[in-house]
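S.K.: Okay, handing you the structure first.
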Amino acid sequence: MNLIKRHPVIFWILIFLLVFIIINKISKFFLDQTKFEKNYRQHLVEKVYGRENKEDYLRVLEEQSYPLKYKPFIEFTEQERIGKFVTVSEVGNRCNKNNISECSGPLGGINEIWLFGGSTSFGYGVKNNETIPAYLEKFFEDKKRIINFGSGYLYSTQERIYFQNLLSYLEPPYAAVFIDGSNDFANLSLPSESAISNSIRDNLNKKSNDLFFEWLKTRITRLNFYRLIKQVFSDEEKNKETFKVANEKKIVQLIKRLNENHKINEAVGSLYGVKVLNVLQPHPIYEYDPAITKMPEQFLNLNEETLNNNKLAYEILSREENFKKNLQSYLDLKNFKIDEAMYVDTWHYTPAFNKAIAKEIFTYFSKFVN
């Protein structure tokens, strides 16, 4: 009572803050995301990976969910972490073994193969030892160390720069593998920009007061109370994220960009004595089929615009004779399949499919390795 009489403003501010904190905490229980995590996530993981593997892959998804880290010249890479199943070095490469206390970066030299790509190469949805690079290392029987430079959202332009930058301070590796396709056709920007170029540009152009208000806005939008209000009053149709749908002319330009990046990689590899392999990756699924993906249909993230862009690109690639002719080393896996589920969601491969892709890459290199 003394506080009310002596400092009424402070008292009511404290009461307001206390009530707000309570409301914010309670709001979390009514969010769709909370309901999903509480009621569906474990069921979903069990469906995709099997009941006996549920706890392991719940941990994989948790350890996988890190924000991207700034990387000079290519704008971003995966964040360093030491998890049981997802382990990334300070440099940004993912290691190929589970339960390790340290993840080493590249050393360079003929005992290494550098592998570049997007989230499928990094291995979203699988353990360290179930990625394409991990299986490739096993096929080489540890005679070559496979360095996994894959990262979510990376595409061929960034990978080309990544490769050249590494060569500026490391000894050339035995080989470099570039697994591309889907991200190149999801990223419609020409000339090339990355997934976060706009954010970087905006931040560079902001004044100090803009940065403060942006920080404040970010904090507010993360509040459960704000998210609940948005959930209740939002119009789902109006608030759906819109993606540009590319026409055939634009897709042909994107294919040319991919082709030129591959040719530059080959030219650089030839100069440095590095065997370069460009891989056109298996495309994402376009229609739900339980024989293809283990994800239940109701939870499958089917972004029709992005998938249709990929579908159109792969259809054009099927009739693009010059694409292969202009490349010295090219592995076409766009229609590659196995006789079991190949995807854990719309985009990312199962351990079995990763192993099969790695086998195809190893077969290509086996003609060079004794």
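Values quoted throughout were computed directly from the atomic coordinates according to the rules given, and no laboratory measurement underlies them. Note that this is a predicted model, so its numbers are computed, not measured. Neighbour counts are summed over all protein chains in view; Cβ atoms, including those assigned to glycine, are modelled from backbone coordinates with ideal geometry.
S.K.: Under a crude label model (7 Å from the Cα following the beta-carbon direction), how far is N198 from S104 in nanometres?
M.R.: Those two pseudo-labels are separated by 4.2 nm.
S.K.: My understanding is that a pair violates if its Cα-Cα distance is over 18 Å; which of K144/K367; K143/K334; K143/K263 do that in this structure?
M.R.: Too far apart for the 18 Å limit: K143/K334; K143/K263.
S.K.: Taking R0 as 51 Å, what FRET efficiency do you get between Q164 and Y288 from their Cβ-Cβ distance, rounded to the nearest 0.05?
M.R.: Working: r = 40 Å, r/R0 = 0.78.
Computed FRET efficiency for Q164 and Y288 comes out at 0.80.
S.K.: Using θ = phi - 60° and the Karplus curve 6.51 cos²θ - 1.76 cosθ + 1.60, what whole-Hz ³J(HN,Hα) does each residue of segment 247-257 get, with Gly and Pro shown as x?
M.R.: 8, 5, 4, 5, 4, 4, 5, 5, 5, 4, 4
S.K.: What FRET efficiency comes out for the pair F73/H43, r = Cβ-Cβ distance, R0 = 51 Å, nearest 0.05?
M.R.: Rounded to the nearest 0.05, the efficiency is 0.75.
S.K.: Multiplying the sequence separation of K256 and S65 by 0.36 nm and subtracting their Cα-Cα distance, what value in nm do you get?
M.R.: Here the segment from K256 to S65 would lengthen by 65.5 nm.
S.K.: So, one more: Give the calculated FRET efficiency between E297 and N111 to the nearest 0.05, with a Förster radius of 56 Å applied to their Cβ-Cβ distance.
M.R.: Computed FRET efficiency for E297 and N111: 0.80.
S.K.: 7 Å from Cα along Cα→Cβ at both F233 and E360: what's the point-to-point distance in nm?
M.R.: Each label point is offset 7 Å from its Cα along the Cβ direction, giving 5.0 nm.
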